[in-house]
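Worksheet: one structure, shown below.
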Amino acid sequence: MVKTRTNHTSILLPNGKILVMGGEKPSFAAGTVEGFDVDFSIWQSQGSMQKRVAHTTVLMSDGYLMNIGGFDGMDYLDSTEKIYFDFERSEEHT
């Protein structure tokens with residue numbers, strides 16, 4: 001990964017890319033999204049999201065990723081965040 005982290009979520013997308021979302025580095029929550037391209041064996045930045053640690057990410061049938069709950073470094077979250085991922089262009093949009 002470009003940015004080392006723990007307590008993140010990983011999602012296998014229909015285009016074969018693996019997205020790693022959120023997580024934490026020592027003492028702070030991360031709001032970065034990175035993708036692993038299996039064809040080229042490289043990690044790439046895929047944008048940002050709300051800072052979340054120990055959350056759940058679900059790939060929905062309409063192409064959206066839903067981040068659920070977690071911790072933002074100060075408070076436990078009872079919110080969701082919906083992010084659209086464009087499988088053709090391999091990038092996420094908020």
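The values are calculated or read from the model by the stated rules, or taken from the named source; none is laboratory data. Because the structure is predicted, anything quoted here is derived from the model rather than measured. Please note: Cβ atoms are built from the backbone with ideal geometry, for glycine as well, and neighbour counts cover all protein chains shown. Surface areas here come from the heavy atoms of the whole protein model, side chains and all, with no ligands, DNA or RNA. Shrake-Rupley method; radii C 1.70, N 1.55, O 1.52, S 1.80 Å.
A quick yes/no check of all residues on (1) out of contact with any Ser or Thr (no Cβ under 6 Å at 6 or more places or on another chain); (2) of a type outside the set (V, I, T); (3) open to solvent by 30 Å² or more (accessible area, probe 1.4 Å):
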| residue | (1), (2), (3) |
| --- | --- |
| V2 | yes, no, yes |
| T6 | yes, no, yes |
| I11 | no, no, no |
| L19 | yes, yes, no |
| F28 | yes, yes, yes |
| G31 | no, yes, no |
| M49 | yes, yes, no |
| R52 | yes, yes, no |
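Scanning the stretch 56-71 for residues that are under 13 Å from the mean Cα position of the chain (by Cα) and either modelled with pLDDT under 90 or part of a strand (DSSP E or B) (or both) gives T56, T57, V58, L59, Y64, L65, M66, N67, I68.
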